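Coordinate-derived values only; no laboratory data. Treat the numbers as computed from the prediction; the structure is a model and nothing was measured. Here the Cβ is made from the backbone with ideal geometry for all residues, glycine too, and neighbour counts use every protein chain on show.
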Amino acid sequence: MKYFILPLAFAFFLGTGHLPAQFTFKPYIGINSANLSEDFQDEEFRSGLGYQIGADLMIGRRLFIQPGLNFEFSQIEVRGVEDISDMELSRINMPVMVGFKMFQEDVDKFFDIRVFTGPNASFLANYSGGDGLEISSSEIRNFNLAWNAGVGVDLFMFFVDIGYKWGVNDFFGRDVDNDAAINVFYGNAGLRFTF
C-alpha cells in the first residue's frame, strides 16, 4: 500500500485546485520483453516478446498523475537440459504514474517530452507453458506489485512511451524455492485526446 501513497497524495493536490487540471485520454498498443530476476538451478530464464493494449488518463498540465488499465501478454523463454516450453502469462495491469512535462503549454500542444514513475498492480489472468518445470498456475502469484519509470514523447496527437517495470515481490508462490521477481521492458504507441 505504501507504493500508492505518493500518487494518491499528488492526485489530492491536483483535486484541491492547487494546479489547473487538464484531461488527456490515451489509448495505446505496445510490445514488451519480460524476464525473471533469478534462474533455477538447472534452468535459466530469457526475455521473450509480448504485447499489451490499454489506455491511460492523464490529469494535470506540466505536473500530472496518470492512472491506467491495460491487458499484457508476456512470454518468458526457459533454457535447460531438457526441452521446456516457454512460459506465457496474461495479466491485467493497473499503473498509477506521476510525471512532469518538459515544455510550457504553448509548446506541448505540438511537441513535448515527459518523464514518469509510479507503482503498478498486476493481476494474473492466465498462465500456460513451462512444461517440464513442474510449475502449475497455482504456484504463480495472482497479484504482483512493480515500480515503473520511463520517458515519453508527444507529437501532435500521437505519443510514444518507453519504460521499465521492476518487480517488488516474488513471482512464484511460497512452495517454490525461488525469489525471482518479474521485470518488464515495454514500449507503447498511441493517440492522445485532450479535453
- Item | Rounded to the nearest 20 debye, dipole of segment 94-195 from Cβ charges on Lys, Arg, Asp, Glu | 360 debye
- Task: Set Lys and Arg Cβ to +1 and Asp and Glu Cβ to -1, take the dipole of the chain about its Cα centre, and tell me which of Gly118, Ala21, Val96 lies farthest positive.
- Result: Ala21
- Item | Contact order relative to length of segment 30-87, as percent, for alpha carbon pairs under 8 angstrom and 6 or more apart | 36 percent
- Message: With the crude spin-label approximation of a point 7 Å out along Cα→Cβ, what separation in nm comes out for Ile113 versus Phe100?
- Response: 1.3 nm
- Item | 222 nm mean residue ellipticity, helices alone, for the chain (DSSP H n ≥ 4; -39,500 (n - 2.57); rounded to 500) | -2000 deg cm²/dmol
- Query: When the chain is treated as a GNM, springs tying every alpha-carbon pair under 10 Å, which of Gln75, Gln22, Gln104 comes out with the largest mean-square fluctuation?
  - Reply: Gln104
- Query: If each of Leu124 and Ser85 carries a label point 7 Å out from its Cα toward its Cβ, how far apart are those two points in nm?
  - Reply: 1.7 nm
- Task: Determine the gain in length on full extension of the stretch Leu69-Trp147; use 0.36 nm per residue of separation and subtract their C-alpha separation, reporting nm with one decimal.
- Result: 26.6 nm
- Query: Where is the GNM fluctuation largest for the chain (alpha-carbon springs, 10 angstrom cutoff): Phe185, Phe40, Phe100?
  - Reply: Phe40
- Item | Relative contact order (%) - the chain, alpha-carbon pairs under 8 angstrom, separation at least six | 22 percent
- Message: Which of the three applies to segment 136-195, rounded, prolate or oblate, going by the alpha-carbon gyration tensor with a ≥ b ≥ c and a/c under 1.5 meaning rounded?
- Response: prolate
- Note on the structure: Listed with the fewest Cβ neighbours within 10 Å leading, Asp42, Asp56 appear as Asp42, Asp56
- Query: Can you give the charge dipole size of the chain about its Cα centre, rounded to the nearest 20 debye, using +1 on the beta carbon of Lys and Arg and -1 on the beta carbon of Asp and Glu?
  - Reply: 1480 debye
- Note on the structure: On the formula 1/(1 + (r/R0)^6), with r taken between the Cβ atoms of Val168 and Glu38 and R0 of 25 Å, the FRET efficiency rounded to 0.05 is 0.95
- Task: Please find, in a Gaussian network model of the chain (springs between Cα atoms separated by less than 10 Å), the residue of Asp154, Asp39, Asp175 whose mean-square fluctuation is greatest.
- Result: Asp175
- Message: Rounded, prolate or oblate for segment 95-140? Axes are the square roots of the Cα gyration tensor eigenvalues, ordered a ≥ b ≥ c, and the cut-off for rounded is a/c under 1.5.
- Response: prolate
- With a Förster distance of 35 angstrom and the Cβ-Cβ distance between Ala21 and Ile92, calculated FRET efficiency to the nearest 0.05 equals 0.85
- Any chance you could tell me what percent of the C-alpha pair distances in segment 45-132 go past 16 Å? 65 percent
- Spin-label proximity, Ala189 to segment 141-173 - amide N less than 12 Å from point 7 Å beyond Cα toward beta carbon: 158-161
- Message: Using only the alpha-carbon atoms, how far is helix 5-15 inclined from the longest principal axis of the chain? Give it as 0 to 90 degrees, nearest 10.
- Response: 20 degrees
- In square nanometres, what is one fourth of the surface area of the convex hull spanned by the alpha carbons of segment 73-180? 8.2 nm²
